[in-house]
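The values are calculated or read from the model by the stated rules, or taken from the named source; none is laboratory data. All values reported here derive from a predicted model rather than from experimental measurement. We place every Cβ from the backbone using ideal geometry, glycine too, and count neighbours over all the protein chains shown.
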Amino acid sequence: MSEARWLTIIGLGEDGPEGLPPASLEALDAAEVIMGSERHLSLIGSNGAERITWPIPFEDGLPLLEGLRGRNVAVLASGDPFWFGAGSVIARRFAPGEWRAIPGASVFSLAAARLGWPLERVPCLGLHAAPFARLRPHLAAGQRAIATIRDGAAVDELAAYLNDLGFGETRMHVLEALGGPRERCREVTAGTYALKGVSHPVAVAIDAAGLSTSLTVASGQPDDVFESDGQMTKRPIRAITLSALAPRPGEMLWDIGSGSGSVAIEWLMTHFSTQAVAIEMSADRAAQIGRNANALGQDRLVVIEGQAPESLSGLEAPDAVFIGGGLNRGLLDWVWGNLAPGTRVVANAVTLETGALLTEAQAELGGTLTKVELAEAAPVGRFRGWKAAYPVVQWSVMR
């Protein structure tokens, strides 16, 4: 090890040192200090090194680790430290030349090996410190997922969550202490879950089944998956709007006048790396946006209660902006004057006044102006006729 590289992150399995590669054993033998959770420290024997129990919450341990700079330090982590583990958090804190990592088998690899599942086709989630709703986009009959879970009580809560969604027939493989002497694998359905004595560390492999309606993978989720007071971009217009916004991996959206948050939430659904900020002046609607985002597994949505454009200053620059509510000339001028070249702007208007504003903006600044008129079949006496919705004028332009 070079002089500058003082820190080794070791992926430890439930069988302790027995399952470690030679490089990990050498790093442990050479360590002056070993840091890890109480469980990890209990899995390895004493070699005379100073032992420090990593505190809770996890972030509190980083200053302690920084204080050990220059000494030969080993940090114990579970399995592969860079798959929902501590590795990425530590790596962000220290320079690349200061540390190295020696990964072990991840819990996801061990679970797939026990069940015979092709891991490249199975979503893997870390739910030990995240809401169960992150599973929601992956829940469809016949689909599988593997998730790490906080503890046995949380597995019980996960079963109830699945059952409440209508996925009570889902098979749950409850996998405890994989790879160690305490390993245990049990199978149960979510609707009949009654397992006792489930112990940490635990993962659950899910084989989804049930009558519940799954979320679509296309833009335009059914309106009824969103809580709304009526102020919402409806499904067909939302699909057209998302198409115009054209989300790409890693991009940021500002959803101004967000209403129910449906556009921002569907933007986030397109890729795990997308980001979005929903700006809404109504306190009730801002709270509603948060509930919708959490229920649909998009809790990374940032919700800002406030008026635009005042609330936009200081936000991370967007790649796309959607104006769905509160459209006026002042807002439009601010957005246009403060965005970087290449930013995509989409604005929808329903009233004559805002439609006229977008007509003027398109004539002045270019872009595409589209009028969308929709009608649905509805009863007319003993027969049926077309009931027209308000037409929507949409302006789409690149700054």
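Summary of values
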item	result
Selected residue [modelled with pLDDT of 95 or more and buried (at least 18 other Cβ atoms within 10 Å of the Cβ)] from Phe132, Phe84	Phe132
The one condition in (1) buried (at least 22 other Cβ atoms within 10 Å of the Cβ); (2) more than 18 Å from Ser313 (Cα to Cα); (3) not aromatic (Phe, Trp, Tyr) that Ala287 fails to fulfil	(1)
Top-ranked residue in the stretch 226-249 [being modelled with pLDDT under 95 and more than 18 Å from Ala349 (Cβ to Cβ); ranked as nearest to the chain's Cα centre (by Cα)]	Phe226
Test: Leu62 is assigned to a helix (DSSP H, G or I) and of a type in the set (A, V, I, L, M, F, W, C)	yes
Pairs with Cβ under 8 Å, 6+ apart, first in the stretch 251-266 and within 13 Å of Val345 (Cβ to Cβ), second of a type in the set (Gly, Ala, Ser) and assigned to a helix (DSSP H, G or I)	Leu253/Ala264; Asp255/Ala264
Residues within the stretch 260-273 that are crowded, with 24+ Cβ neighbours inside 10 Å and outside any helix (DSSP H, G or I), tallied	2
Subset of the stretch 31-61 [buried (at least 17 other Cβ atoms within 10 Å of the Cβ) and under 20 Å from Gly126 (Cβ atoms)]	Gly36, Ser37, His40, Trp54, Gly61
Extreme residue, nearest to Ile237 (Cα to Cα), among residues of the stretch 317-365 that are over 30 Å from the mean Cα position of the chain (by Cα) and acidic (Asp, Glu)	Glu353
The stretch 167-203, residues that are of a type in the set (Val, Ile, Thr), part of a strand (DSSP E or B) and more than 25 Å from Ser37 (Cα to Cα)	Val188, Thr189
Condition met for Ala153 (under 26 Å from Ala77 (Cα atoms), of a type in the set (Gly, Ala, Ser), at pLDDT 95 or above and outside any strand (DSSP E or B))	yes
